[in-house]
Amino acid sequence: MISVVLVAAIKSVLVVVMVLAGFAYATLLERRLLARFQLRYGPNRVGPFGLLQPIADGIKLIFKESFMPATADRLVYWLAPAISMVAALFVYAVIPIGPEIRFFGTTVPLYIADVNVGILLVLGASSIGVYGVILGGWSSNNKYALLGCLRSSAQLISYELAIGLAVVSVVLTAGSLSLVDIVNAQQRLWFVALQPVGFLLFFIGALAETNRAPFDLPEAEQELIAGFHTEYGGFKFAMFYVGEYVGIITMSLLVTTLFLGGWHGPLLPGPHWVAIKTFAFVCLFIWIRATMPRVRHDQLMAFGWKVLVPLGLLNVVATAVIVALVGG
C-alpha cells in the first residue's frame, strides 16, 4: 500500500512539474509564433533564443505589487484564482499520456489513475473552474469585473454543453467512460474518422472554454477593461494566467486522447505520439488566434445554443442508433 501511494505521489509531482513547465513555454511559443505571423521577432533577448523569457516573466509576476480592493470580499477574492488553477491541474490525475512500461522489472502505467468514470471527472473539474471566474468577478466589487464574470460564465456554461455532447458520442462509440479504454478502442481506427462531427464540436467548444479567439470575449479589454480579473494583479493574476494556459494544453491533450488515438501512431506507440499531437493542437490554437477576429457576444451565444447544441444532440442520436444496429 505504501509503495502504491509513493508511486502515485511521485507521478503526481512529475506531472505537475511537466504541466507547469509546458505552461511556461506555451506562453513563449505563443509570443514567438504570433510574432512570426505578424512579421516581427518576439521575445529573443532573455537567454539564448529567448528561452529564459518565461522564467523572467514568472519572477516579475511574483514580485509585482499585490493589491486588493478595499471593498472586496477578502476570502473569496483569494480563493477564486486558486480554484481556477487547481481545477485546471486536477484533470491530469486521470488523463493517460502513454501505455504501461517496464521500469526496473516493475510495470508502471503512464497515468496516475485509471478511473472507470474518468471522463466524468474531467468534465466535473472543468465545471468547477467556472466558479473561479464567477467568484473572481463578484468578489472584486467592481461593476466591470462583475459584467465580465457574468459574460464569461454564460459562455463557459453554454459551450460546456457542446463539449459534453461530443464526449457522449465518443463514450457511446468506445463503450466506456475510462480514458484508457477510450484510447485502447482507437488502436486500429481513430475516432476522428468515426466521429468527425463530434471532433468539430469538441474543438470549437474547447476554443470557447479556454477563452481563445474568436471566443476571447472574457478578455475583451476595450469593452470591459480586462474582464473578470480586472482587479487582480501580481501572483493572484498569475494563477488565473496559469489556469488559462494549462487549459489550452489540457484541451489539446483531450482532443488527442478522445479523437486522435492517444499514444497510438503509425510506428511504435508511446508517449511521444501524445506529445507530438498535443503540440500540434497548441500551435493550432495560436494560429487561430492570429487569424480569426473576435465575434460579438450575441453571435457567440446564438452559435452555441442554436447551432452547436442541436448538432450535438443529432450526433448523439445518430451515434446511438448506429451503435445499437451494429451491436445488434
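The values are calculated or read from the model by the stated rules, or taken from the named source; none is laboratory data. Only a predicted model underlies this, so the values are computations on that prediction, with no experimental measurement involved. With ideal geometry, Cβ positions are generated from the backbone for all residues, glycine too; neighbour counts draw on all protein chains shown.
Points worth noting:
- Of all residues in the range 161-182, those that are in a helix (DSSP H, G or I) have Cβ atoms under 7 Å from Cβ atoms of residues that are among the charged types (D, E, K, R), 6 or more apart or on another chain, in 163/209; 174/181; 180/114.
- Residues that are crowded, with 16+ Cβ neighbours inside 10 Å and small (Gly, Ala, Ser), drawn from the range 266-295: 270, 275
- Screening residue 262 against (1) surrounded by 17 or more Cβ atoms within 10 Å (Cβ to Cβ); (2) assigned to a helix (DSSP H, G or I); (3) not aliphatic (A, V, I, L, M) leaves a single unmet condition, (2).
- Residue count, the range 54-74 (criterion: in a helix (DSSP H, G or I) and either on the phi > 0 side of the Ramachandran plot or surrounded by 15 or more Cβ atoms within 10 Å (Cβ to Cβ) (or both)): 4
- Residue 134 vs. criteria in a helix (DSSP H, G or I), at negative phi and at pLDDT 95 or above: no
- Out of 124, 98, 129, one residue alone is farther than 27 Å from residue 265 by Cβ, touching a residue at least 12 places away in the same chain (Cβ under 8 Å) and of a type outside the set (A, V, I, L, M, F, W, C). It is 129.
- Residues in the range 1-53 that are assigned to a helix (DSSP H, G or I), farther than 27 Å from residue 94 by Cβ and not hydrophobic (A, V, I, L, M, F, W, C): 31, 32, 36, 48, 50, 53.
- Residue in the range 104-111 that is assigned to a loop (DSSP other than H, G, I, E, B) and touching a residue at least 12 places away in the same chain (Cβ under 8 Å) present: yes
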